[in-house]
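*Asks:* Next up is a structure, given as structure tokens.
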Amino acid sequence: MSAITYLEGLEKFNSMRLRANLALWLAHLTRRCQCLASIEQLTGGKAPRQRRDAGMRFVPIACIVGSVGRRHDFTRGFLPLASVNAQRWAQIYMAMVSPQGVPEVELLQVGDVYIVQDGHHRISAARAVGLDQIAAHVTELVN
């Protein structure tokens, strides 16, 4: 483990946490929610008729707007909130900037947007690194 990269990751995490706090403060002032969308919100509360494996692809991070089970751990911009472990985030950041990279994330597709099943930390770190897209295994939900 490279100490410099790990420390850089912790610094980046702390910077992102400060940005998250600012985003939450502004959201409170403007009465806008900064939470990720839930699957129920994106499907209109209806259970999908079918799930179809859409395979591997690169997905624009800006199109990832929801979460299954962790919608209160990250802001809409995938800034980490207080419940996110700084050490784990920094390790993922370190892997993200290394030649080894990180495994693809698991996403559900609802129309033109995506919901995270697995990979919240990876998406957050990818945004911190400045990536516009992330490798994902996608399952399409059909209503």
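*Asks:* Taking the stretch 36-59 on its own, how many of its residues are out of contact with any Ser or Thr (no Cβ under 9 Å at 6 or more places or on another chain) and exposed (fewer than 12 other Cβ atoms within 10 Å of the Cβ)?
*Replies:* 9
Rundown of residues vs (1) under 30 Å from residue 6 (Cα atoms); (2) without any contact (Cβ under 8 Å) to a residue 12 or more places away in the chain, yes/no style:
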site: 32; (1), (2): no, yes
site: 54; (1), (2): no, no
site: 59; (1), (2): yes, no
site: 81; (1), (2): yes, no
site: 92; (1), (2): yes, no
site: 100; (1), (2): yes, yes
site: 114; (1), (2): yes, no
site: 121; (1), (2): yes, no
site: 137; (1), (2): yes, no
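*Asks:* Going by the structure shown, is residue 18 farther than 23 Å from residue 135 by Cα, of a type in the set (A, V, I, L, M, F, W, C) and exposed (fewer than 12 other Cβ atoms within 10 Å of the Cβ)? Please lay out each step first, then the result.
*Replies:* Details: farther than 23 Å from residue 135 by Cα: yes; of a type in the set (A, V, I, L, M, F, W, C): yes; exposed (fewer than 12 other Cβ atoms within 10 Å of the Cβ): yes.
Against the criterion (farther than 23 Å from residue 135 by Cα, of a type in the set (A, V, I, L, M, F, W, C) and exposed (fewer than 12 other Cβ atoms within 10 Å of the Cβ)), residue 18 qualifies.
*Asks:* Scan the stretch 12-42 for residues that are part of a loop (DSSP other than H, G, I, E, B) and closer than 16 Å to residue 72 by Cβ and jot them down.
*Replies:* Passing the criteria: 32, 33, 34, 36, 38.
*Asks:* Select, from 123, 134, the only residue that is buried (at least 21 other Cβ atoms within 10 Å of the Cβ) and touching an Asp or Glu at 6+ places or on another chain (Cβ under 8 Å).
*Replies:* Within the list 123, 134, the selection yields 134.
*Asks:* Here's another thing I want to ask about it. Mind checking which pairs have a first residue in the stretch 5-27 that is β-branched (Val, Ile, Thr) and a second that is exposed (fewer than 13 other Cβ atoms within 10 Å of the Cβ), Cβ under 8 Å, 6 or more apart or different chains?
*Replies:* Cβ pairs passing all conditions: 5/98.
*Asks:* Could you tell me whether residue 105 is surrounded by fewer than 23 Cβ atoms within 10 Å (Cβ to Cβ) and of a type in the set (Val, Ile, Thr)?
*Replies:* no
*Asks:* Quick one: which residue in 84, 129 is surrounded by 17 or more Cβ atoms within 10 Å (Cβ to Cβ), within 17 Å of residue 15 (Cβ to Cβ) and among the β-branched types (Val, Ile, Thr)?
*Replies:* None of the others qualify; the one that does is 84.
*Asks:* Moving on to the next point. Only one of 79, 141, 107 is out of contact with any Pro (no Cβ under 8 Å at 6 or more places or on another chain), over 18 Å from residue 11 (Cβ atoms) and of a type outside the set (Gly, Ala, Ser); which?
*Replies:* None of the others qualify; the one that does is 107.
The numbers here are math on the coordinates, done by the rules we state, and not lab data. On a predicted model such as this, the values are computed, not experimentally measured, just so you know. Positions of Cβ are backbone-derived with ideal geometry, glycine not excepted, and every protein chain shown enters the neighbour counts.
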